[in-house]
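The values are calculated or read from the model by the stated rules, or taken from the named source; none is laboratory data. Just so it is clear, the structure is predicted and the values come from calculations on it, not from any experiment. Here the Cβ is made from the backbone with ideal geometry for all residues, glycine too, and neighbour counts use every protein chain on show.
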Amino acid sequence: MTDFVSLNGPDNSGKSTQVRMLAHDWHGFHDLGPVHRHDPVPWSRVSGAGYGAWWFTTSTTEELTHMLFSSHTVRARARPPGKIGLLDRGWYTLLATAVATCAVKESLPVEAAWTRVLALVDTDEPYPPEFPVLLLPALDTEQSIATAQQREGHPWTGVYLDYQRHLHRVLLLMARRGVFAEVVSGQTRGIDTTQALLRRALAAHGIGAPSIHDHVRNGCSP
């Protein structure tokens with residue numbers, strides 16, 4: 001049995017909502033949320049009006065990567081004994097975030113940025129181990145970005161749009177390389193349908209209570 005299940009994906013792919021729904025319906029799951037919830041001090045230093053400038057301009061790749069993965073380590077320690085920790089943005093999303101930011105910040109091709117970030121992380125597999133699921137609006141980069149922007153309610157521009165393009169590309173590249181245990185994608189699927197697909201995928205791997213994975217489809221409570 002795994003200690004962690006991670007929901008990975010770009011902005012507006014539904015990670016936080018799906019994590020909350022899973023944690024609400026089975027006591028064996030514990031919503032650990034995003035990394036900044038557990039390591040607020042370094043994140044508070046870079047938040048506020050200058051957040052974007054720090055992220056994409058003034059910080060170094062070393063600083064940003066260290067903050068992401070050290071906070072990930074702190075989050076993992078917060079898992080209650082006997083519970084499966086649900087991670088909103090798991091190890092692979094943090095890696096994709098660091099790679100995409102590095103590519104934008106240093107004007108590097110994705111593969112070069114990937115190599116640079118992996119050298120800083122010093123591993124190419126999640127630690128601690130997790131069961132990674134990818135939630136993606138679509139399996140085409142531009143289509144995925146268009147759907148994510150529509151959900152945002154306003155268009156992305158400038159460096160942030162460039163970053164999002166890189167992030168979607170990196171996540172799709174990861175999916176093609178088979179790093180995710182499951183990939184759930186689709187533009188027209190609603191929240192409940194996505195939850196049902198996610199539950200069935202987890203149950204197929206022996207994760208979660210056997211009675212819950214079809215409750216959305218059947219219209220009943222677990």
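Put simply, of ARG199, ARG176 the only residue that is among the basic types (Lys, Arg), surrounded by 21 or more Cβ atoms within 10 Å (Cβ to Cβ) and farther than 26 Å from TRP55 by Cβ is ARG199. Selection within the range 1-14: residues that are at pLDDT 95 or above and in contact with an Asp or Glu (Cβ under 9 Å, 6 or more places away or on another chain). The member of this set that is farthest from TYR92 (Cα to Cα) is ASP3.
Whenever a residue of the range 195-207 is at negative phi and touching a residue at least 24 places away in the same chain (Cβ under 8 Å), its partners that are in a loop (DSSP other than H, G, I, E, B) and of a type in the set (S, T, N, Q), lying with C-beta atoms within less than 8 angstrom and at least six residues away or across chains, give the pairs ILE207/THR2.
Checking THR2, THR61, THR65 one by one, the residue that is polar (S, T, N, Q), in contact (Cβ under 8 Å) with a residue 12 or more places away in the chain and touching a His at 6+ places or on another chain (Cβ under 9 Å) is THR2 and no other. The criterion of at least 1 residues that are charged (D, E, K, R) and surrounded by 13 or more Cβ atoms within 10 Å (Cβ to Cβ) is met, among helices (runs of 4 or more DSSP H) falling completely within the range 1-111, by 15-25, 61-77, 91-106. When ALA196, ALA201, ALA138 are screened for being touching a His at 6+ places or on another chain (Cβ under 8 Å) and among the small types (Gly, Ala, Ser), only ALA196 passes. Answer yes if at least one residue in the range 117-140 is under 23 Å from SER16 (Cα atoms), hydroxyl-bearing (Ser, Thr, Tyr) and in contact (Cβ under 8 Å) with a residue 60 or more places away in the chain, and no otherwise. Within the range 117-140, none of the residues are under 23 Å from SER16 (Cα atoms), hydroxyl-bearing (Ser, Thr, Tyr) and in contact (Cβ under 8 Å) with a residue 60 or more places away in the chain.
A search for C-beta distances below 7 Å between a residue of the range 173-184 that is more than 13 Å from ALA96 (Cα to Cα) and any residue that is in a loop (DSSP other than H, G, I, E, B), counting only pairs 6+ apart in sequence or on different chains, returns ALA181/HIS205. Suppose we keep only residues that are loosely packed, with under 15 Cβ neighbours inside 10 Å, among the β-branched types (Val, Ile, Thr) and not in a helix (DSSP H, G or I) within the range 112-164. Which one would you say is nearest to the chain's Cα centre (by Cα)? Checking each candidate, the answer is THR123.
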